[in-house]
1. Just need a number here: residues in region 38-53 that are under 28 Å from Pro115 (Cβ atoms) and either in contact (Cβ under 8 Å) with a residue 12 or more places away in the chain or touching a Ser or Thr at 6+ places or on another chain (Cβ under 6 Å) (or both).
2. Which of the residues that make up region 152-166 are open to solvent by 80 Å² or more (accessible area, probe 1.4 Å) and free of Cβ contacts under 8 Å to residues at least 24 places away in the same chain?
3. It is to be established whether one or more residues within region 134-151 are over 20 Å from Ile82 (Cβ atoms), open to solvent by 90 Å² or more (accessible area, probe 1.4 Å) and touching a Lys or Arg at 6+ places or on another chain (Cβ under 9 Å).
4. Given region 43-120, what helices (runs of 4 or more DSSP H) lie entirely inside it while holding 1 or more residues that are open to solvent by 20 Å² or more (accessible area, probe 1.4 Å), under 21 Å from Asp28 (Cβ atoms) and of a type in the set (Phe, Trp, Tyr)?
5. Go through region 27-42 and give me each residue that's farther than 24 Å from Gly94 by Cβ and open to solvent by less than 20 Å² (accessible area, probe 1.4 Å).
6. Applying the selection to region 121-133, what residues are open to solvent by less than 60 Å² (accessible area, probe 1.4 Å) and in a loop (DSSP other than H, G, I, E, B)?
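The values are calculated or read from the model by the stated rules, or taken from the named source; none is laboratory data. From a predicted model like this one, the values you see are computed outputs, not experimental measurements. Note that we place each Cβ from the backbone using ideal geometry, even for glycine, and neighbour counts take in every protein chain shown. Note: accessible area is taken over every heavy atom of the protein model, side chains too, but ligands, DNA and RNA are not part of it. Shrake-Rupley method; radii C 1.70, N 1.55, O 1.52, S 1.80 Å.
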Amino acid sequence: MLLERRIYIKNFFIYMNQERTFIAIKPDGVQRGLISEIIGRFEKKGFKLVALKQLIPTKELAEKHYGIHKERPFFANLVDFISSGPVVAMVWEGPDVILSARKLIGATKPSESEPGTIRGDFAIDIGRNIIHGSDGEDTANFEINLWFDENDLCDWKVSDNQWRIE
């Protein structure tokens, strides 16, 4: 989700593209007690949390979310797993947050994830890789609208933004 924000600095208007992305801590991440660690990584990076909820996804929600994989052999297992327990669904906002979040998360296959990434530090199996993150602007828009109503998103100002973004 791309937002345009206009900033006035020393007689110049600067337009910053603020993106929003969908992030979900999967049931394995919740069960392993990694919620605060994962949220902390996004906060320490400087991104703004604009929506957060914990739920056990229905099979219908899981099927819609992973619909792009419907014809793949792992689809049924993926749907069963994501709906097997609590998920922490979030929307994060910031400049280039989609790409930055993907870097924080690490490669889908944990053995290919770099140390220091969430999957590189905490996951060892592709089927239990802790976290999901949108892979592009269209996907982020779809996923945010699937998991959240518009009134669930909190638009607020970060008081120390001047120390995060030039």
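1. Residues meeting the conditions: 10.
2. Filtering region 152-166 down to residues open to solvent by 80 Å² or more (accessible area, probe 1.4 Å) leaves 155-157, 159, 162-164, 166.
If the condition is that a residue be open to solvent by 80 Å² or more (accessible area, probe 1.4 Å) and free of Cβ contacts under 8 Å to residues at least 24 places away in the same chain, then Lys157, Ser159, Gln162, Trp163, Glu166 are the ones that fit.
3. No: zero hits.
4. 75-82
5. Quick first cut of region 27-42, residues farther than 24 Å from Gly94 by Cβ only: 27-28, 31-33.
Within region 27-42, Pro27, Asp28 meet the criteria.
6. Ala123, Gly127, Asn129, Ile130
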